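Trainee: Pasting in a structure now, in structure tokens, and then I'll have a few things to ask.
The values are calculated or read from the model by the stated rules, or taken from the named source; none is laboratory data. Keep in mind it's a predicted model, so treat the numbers as computed, not measured. Cβ sites come from the backbone with ideal geometry, for glycine too, and all protein chains shown count toward neighbours.
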Amino acid sequence: METKLRNLKVVDLFSGCGGLSLGIQNAGFDVVAGFDNWKLAIGLYQQNFKHPAFLVDLGNLQGEFDIIQRFNPDIIAGGPPCQDFSVAGKRDESLGRGDLTISFTEIITAIKPRFFIMENVDRFVKSTKYQEARKLFKSANYGLSEKIIDASLCGVPQSRKRFFCIGELEGEDKKIEPYLENNLASHSMTVRQYFNSIGKALNIEHYYRHPRSYKRRGVFSIDEPSPTVRGVNRPVPKTYKPHPGDAALISSNVRPLTTIERSYIQTFPDNFVFHGSKTDVEQLIGNAVPVKLAEYVASCLAQYIAECEVKVLNKNSKLEQMSRDCVQLLLIKV
């Protein structure tokens with residue numbers, strides 16, 4: 001299976017610094033190119049991968065997709081910007097970034113790869129943009145498998161729920177959903193468990209994560225999954241008032257996680273290069289698809305592809321045997 005997966009070429013659209021690419025690559029696929037419109041993200045991507053990355057405005061290709069088509073991708077993956085749909089954003093589809101969902105869809109339906117993987121926030125599935133995209137996918141004869149996945153059940157120490165749609169050209173709807181469901185862990189991964197697994201020590205029992213509003217708690221235990229890693233990372237404000245849900249009282253032993261610790265919670269490896277201003281790097285980390293989540297989804301797709309190939313081989317073997325039996329009968333009659 002490894003060799004066959006290596007022959008399946010993947011391009012990553014809206015690649016950011018490469019969380020989705022790295023996870024797909026770790027699952028055994030051949031990622032051949034990344035595309036994004038943020039210069040810093042592309043610079044980091046180029047430092048972390050051997051294949052090329054391109055600074056491209058994917059929302060302004062105007063039907064000219066040669067820069068992507070020339071890679072002859074078997075799979076197109078991507079997470080169109082989610083700010084218009086996110087709980088952390090304005091949740092206003094009229095802001096324009098949701099149009100990039102349609103741009104992504106138009107690229108898929110024009111190039112028609114064998115599969116595509118689309119990632120977004122969990123609320124995305126209810127958006128009008130996704131419903132519009134879904135109709136375009138169906139018109140292009142894609143079977144769609146759709147699933148909201150909790151990253152903490154995929155080896156990520158983070159309660160991050162994300163929507164995935166996997167499309168298969170001329171496939172059946174829901175066909176890959178059992179693979180996405182059946183391979184989930186039975187228990188969520190905690191921060192402590194993950195750091196132990198990678199040989200890192202946090203040296204704290206509790207940490208601060210700035211809430212969107214003071215109606216939400218801000219202090220968490222390392223014996224639970226982290227909340228969603230966002231693109232902001234603020235110090236404990238002097239005005240912070242204890243929340244009844246806090247895992248501990250604010251003290252000198254409670255601090256925000258560092259930038260590198262947050263990259264670990266996004267399951268980036270030790271050797272992944274980050275550079276730039278703290279603000280930019282925090283944004284890149286927060287925007288990324290957790291590597292282990294991407295790897296989980298890609299591994300489920302790999303399992304589906306492998307089983308389909310086995311079925312085809314078995315079917316062909318049976319047909320060959322039937323053909324030989326028919327020839328043998330004819331010879332006997334003669």
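Trainee: Would you check which residues across region 48-80 are surrounded by fewer than 22 Cβ atoms within 10 Å (Cβ to Cβ), part of a loop (DSSP other than H, G, I, E, B) and of a type outside the set (A, V, I, L, M, F, W, C) and list them?
Mentor: The answer is K50, H51, P52, D57, Q62, G63, E64, R70, N72, D74.
Trainee: Do the conditions hold for E181, that is, is it closer than 30 Å to I111 by Cβ, among the charged types (D, E, K, R) and in contact (Cβ under 8 Å) with a residue 12 or more places away in the chain? Lay out the reasoning, then the answer.
Mentor: On the way: closer than 30 Å to I111 by Cβ: yes; among the charged types (D, E, K, R): yes; in contact (Cβ under 8 Å) with a residue 12 or more places away in the chain: yes.
So E181 fits the description; yes.
Trainee: While we're looking at this one, here's another question. Can you confirm whether Y179 is buried (at least 18 other Cβ atoms within 10 Å of the Cβ), over 13 Å from the mean Cα position of the chain (by Cα) and farther than 21 Å from K292 by Cβ? Can you show your working first?
Mentor: Values: buried (at least 18 other Cβ atoms within 10 Å of the Cβ): yes; over 13 Å from the mean Cα position of the chain (by Cα): yes; farther than 21 Å from K292 by Cβ: no.
So Y179 does not fit the description; no.
Trainee: List pairs: first in region 14-27 and closer than 15 Å to F164 by Cα, second among the basic types (K, R), Cβ under 9 Å, 6+ apart or cross-chain?
Mentor: G23/K292
Trainee: From the list G63, G98, G89, which one is over 17 Å from N287 (Cβ atoms) and either polar (S, T, N, Q) or modelled with pLDDT under 95 (or both)? It would help to see each step written out before you state the result.
Mentor: On the way: G98 fails: over 17 Å from N287 (Cβ atoms); G89 fails: over 17 Å from N287 (Cβ atoms).
G63 is the lone residue from the list that is over 17 Å from N287 (Cβ atoms) and either polar (S, T, N, Q) or modelled with pLDDT under 95 (or both).
Trainee: Of the residues S221, S213, S188, only one is hydroxyl-bearing (S, T, Y) and within 21 Å of the chain's Cα centre (by Cα); which? Step through it out loud before you land on a result.
Mentor: On the way: S221 fails: within 21 Å of the chain's Cα centre (by Cα); S213 fails: within 21 Å of the chain's Cα centre (by Cα).
The conditions single out S188.
Trainee: Quick one: is T239 assigned to a loop (DSSP other than H, G, I, E, B) and buried (at least 20 other Cβ atoms within 10 Å of the Cβ)? So that I can check it myself, show each step before the final result.
Mentor: Values: assigned to a loop (DSSP other than H, G, I, E, B): yes; buried (at least 20 other Cβ atoms within 10 Å of the Cβ): no.
Spelling it out, it is not the case that T239 is assigned to a loop (DSSP other than H, G, I, E, B) and buried (at least 20 other Cβ atoms within 10 Å of the Cβ).
Trainee: Which one of these is of a type in the set (A, V, I, L, M) and closer than 14 Å to H210 by Cα: L293, L257?
Mentor: On the way: L293 fails: closer than 14 Å to H210 by Cα.
After ruling out the rest, the residue left standing is L257.
Trainee: Just to verify a result, which residue in region 129-172, among those that are in contact with a helix residue (DSSP H, G or I) (Cβ under 6 Å, 6 or more places away or on another chain) and part of a helix (DSSP H, G or I), is farthest from S197 (Cα to Cα)?
Mentor: Going through the qualifying residues, I end up with L136.
Per-residue answers, yes or no, for (1) surrounded by fewer than 24 Cβ atoms within 10 Å (Cβ to Cβ); (2) over 16 Å from G276 (Cβ atoms); (3) modelled with pLDDT under 95:
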| residue | (1), (2), (3) |
| --- | --- |
| N7 | yes, yes, yes |
| V10 | no, yes, no |
| C17 | no, no, no |
| L22 | no, yes, no |
| A27 | yes, yes, no |
| K39 | yes, no, no |
| Q46 | yes, no, no |
